[in-house]
Each structure stands twice: as structure tokens, then as C-alpha cells.
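Each reported figure results from applying straightforward, stated rules to the coordinates on display, with no laboratory input. Values in this document were obtained by computation on a predicted structure and should not be read as measured data. No Cβ is skipped: glycine too gets one built from the backbone with ideal geometry, and neighbour counts run over all protein chains shown.
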There are 2 protein chains.
Amino acid sequence: MRAVIPFKKSNAKSRLSTLLCESEREDLAMSMLTDVAGTLAGSGCFDVVDILSTSPVYIENTNIVLTEMGLNEALNEYLRQMSSHNINEPVLIIMADIPLVSKKNIQDIVSSRADIVIAPGRMGGTNTIFIRKPQSFHVDYYGPSFLKHLAIAKNLNVEVFDSFNLSTDIDEVSDLAEILIHGKGYSKVYLERIGISLLARKGRVGVERL
Amino acid sequence: MRAVIPFKKSNAKSRLSTLLCESEREDLAMSMLTDVAGTLAGSGCFDVVDILSTSPVYIENTNIVLTEMGLNEALNEYLRQMSSHNINEPVLIIMADIPLVSKKNIQDIVSSRADIVIAPGRMGGTNTIFIRKPQSFHVDYYGPSFLKHLAIAKNLNVEVFDSFNLSTDIDEVSDLAEILIHGKGYSKVYLERIGISLLARKGRVGVERL
């Protein structure tokens, strides 16, 4: 069984630029990737963890697969390459910006008997998708990709995986609060190190820079 | 075992007022309450489902408990009343604005062996809390209540329940997209009836009024 994490380091997480400078955003993106990859490795579920990246990165226990393609093209080419090399094992596609993912989440997903397991992101996203037979599926990210993936899998047995951890992708400044509240990994340590902390005012929670 | 749903109908969900008028917000709040209460009743887990409300509402298979107190005071008085009447059964406190909750979510929570089960909301909230011994706990909502509840329960055995369904409280206009994408109950039917639909533009998802 294998896992693949698409990753883009350059100008990562531009919506965080009101709080974090470019190098901080890249460091945070690398910290989140390290958390996700570490959880995959620690889950004991995968023989191979590939990072499908537009630039070289080094993360323990993973392979780097360089690509210049966009997200959908790169992942669909990856699935096609598996088929054309007769690699018929299941594959988990997981986003690099969901640092709350736990080993138990991963173990629960891959122990599903469904053909396709989809963990939704907020606002119609798809943060993790487990594909039992890679030749039977293609991805279509952006927009309401959760609904698009359900449509693509309409003749397959689909399980929707209900997880707050997996739904929590880090895009906006307010999302950093989720890392500070629930995080257990490098991403939380990194934010604390650069002085990002939780702010509670008038019953609302946010983040601020100390 | 019992469940209690705090509810406030008057001027409900004020942050939705840019899209919905007051009567629509009240109707949506009632639809969400109906979804939550129906799921509790359908779960088969509870002998009693109480709605702790500031105004009379009628929902099948529930009791109405009128109160003029705020959220924390009303719930803590409810827990005290249980103790003073020697009602030592477990209680589930669940918010009225999480219409995605499923029967399986409820069954999974109440089958936990922990003293306290907390399902976080986004941004540090607490959307559902299961209290095995009501006399051992009090609530403290608003702000980072998830962290406050962990602190209150520091000498108890706590399980954090990981669920996107339960984390999704409907506060902002953009949250309505979650009902349209994932909803299966009255709330979704209601939004569709008043012409609220999903909008996907430039890779982002939102809602619009037709």
C-alpha cells in the first residue's frame, strides 16, 4: 500500500501573508508536511510514501517525485504511472496542509472495505482520498471537489470518513488557531517559536503575533 | 441516559443576517434543532431529550425546559438539578446548530468508556460533551471552551471525539455551504426551499440566493 502527498513549497499558503512572511510560510508548509509524512510513516500502513513536489524537499522515510504539473495533472499522471507499471496496490492521497491528522485516522481509513474513502475538507474540499484500485479513479480538485469525487466514484462503493482532524486544512490566518489548540507536532512548535499565539477576546478565538 | 440541547430562538444566528432575514434565521434555527433532536431520538440512546430554551418550542419526542438564564448558567443549573434530584445518569450536551450530526456519531460517543467525551467545534469551541457523572463537571462555554473544558476535566478520563459533522456549527453565511454539501435533513430542505444554493467560482465554494 502506498501514500502520496502533493506539495508546493514556493509561495506556499499565500492567504497567510497578512501574518507570516514568505520564508515563514514556507517553513510552516514544511512543518505541516513533516507532520503529515511522519504520521503516515508512524501509522505502519505504507510500504512507500511519495511526495509529489514542484521543488526538491527532504523528509525522512519518504521519496521525492518531482513534477512541474499542476495538482490534478500531477496526481492523475501518478495514478496512470501506477497502472502502466502494473502497480495494483491501494493508494492514499493526502494533502500536506492537514497537520492534525493522527495515526488512528490513517489506520481507520485504510482498514475500510470501501472502494473509495473520502475525508472531506471544509467548504467542499477533499483532504484525503483512499483509492483501492487506482486504475478505477481520477481526481478533480478545486471547487466543490468532494461532490466531484462522489460523482466520479458513482459506480463504486464509497465511504465518507468523518473527521475534524482531516477536515482542518490550514489556509487562512484564523486556521492557525486550530494548530495551536489541537496540534501535537512540528507545526505547533514552529508557530509557538515564531511568536504566534492564541487570542481570546469577547468570546471569540483568534491568533496574534506576540 | 439523557440528552439536553440548549436553544435560543429569538434573534437566532445574527451573523447570518447579511443573507437571511430574521424570520428565515429563526426558521433555519428551528430546522437545525429538528435535525439534531431527530438524530438524538433516532439514535435510540436516550430515555429523555430535553430542550433548554428561552422560549416555547415544540419538537417531537422532546421535553421543553424553559429558562431565562444564559447558556452556562442554564446548563450548570440543569446539571445541579440532576444532582439534587439524585439523577445520576450520564448526560449528553449537544448544540442545536450542528445539523450534520449522525446517529452513528451519537452512538459512538455514548459508547465511549471515558468519563468525559468532548467533540470540538472549530476555533476552540465545544459542540458536544458527554458527561458520565453530571455531579463531577460544570460547563464553561464561549471563547476557547474546548481548552477550558479540558482543564475542568483534568482529573477525569477524557476522550476527544474527532468528527467533522460535530465540528461544523453553523454561524456564518459560508457555513451554509456545509449544509448544502453534506446535509441530509430539514435544514438542507429549508435552505433549498428559500433559494439558497451552492456557488462555485474560481475554485472557491460559497453560497448565493437565487
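Couple of notes before you dig in:
- Net charge of the neighbourhood of A:Asp171, taken over other residues with C-beta under 10 Å away and scored Lys/Arg +1, Asp/Glu -1, is -1.
- Estimated D of region B:1-56 in µm² per second, where Rh is the Kirkwood radius over Cα pairs and Stokes-Einstein applies at 37 °C, 0.692 mPa s: 270 µm²/s
- Mean per-residue shielding of peptide A:184-195 is 0, counting Cβ atoms of other chains within 10 Å of each Cβ.
- Environment charge at B:Leu156 (Cβ cut-off 13 Å; Lys +1, Arg +1, Asp -1, Glu -1): +2
- Fluctuation leader among A:Thr126, A:Thr18, A:Thr168 - chain A, Gaussian network, Cα springs under 10 angstrom: A:Thr18
- Label-point separation, A:Ala114 to A:Arg80 (7 Å along Cα→Cβ), nm: 2.7 nm
- Cα-based shape type of the protein assembly as shown, given that a ≥ b ≥ c are square roots of the gyration tensor eigenvalues and the cut on a/c is 1.5: prolate
- The distance separating the Cα centre of region B:14-90 from that of region B:167-209 comes to 23 Å.
- The modelled label-to-label distance between A:Arg204 and A:Ile64, using points 7 Å beyond Cα along the C-beta direction, is 4.1 nm.
- Exceeding the 22 Å Cα-Cα cut-off - candidates A:Lys133/B:Lys188; A:Lys13/B:Lys202; A:Lys104/B:Lys104: A:Lys133/B:Lys188
- Spacing of the two label points (7 Å from each Cα toward its C-beta) at A:Glu22 and B:Ser23, in nm: 5.5 nm
- Highest mobility in the GNM of chain A, judged by mean-square fluctuation with C-alpha springs under 10 Å and restricted to A:Leu79, A:Leu191, A:Leu19, is found for A:Leu19.
- Placed amide H near B:Ile51: partners under 5 Å, 5+ positions off or other chain: B:Ile5, B:Asn63, B:Ile64, B:Val65
- Residue of chain A with the Cβ closest to the rotation axis carrying A onto B, and that distance rounded to whole Å: A:Phe164, 3.
- Within-11-Å neighbourhood charge of A:Ser55 [Cβ basis; K, R +1; D, E -1]: 0
- Inter-copy separations for A:Glu159, label at 7 Å along Cα-Cβ, nm, ascending: 1.7
- Take B:Glu89, move 7 Å from Cα toward the beta carbon, and the resulting point lies 5.0 nm from the same point in each other copy, nearest first.
- Rounded to the nearest angstrom and listed largest first, the equivalent-ellipsoid semi-axes of region A:2-167 from its Cα gyration tensor are 24, 18, 16.
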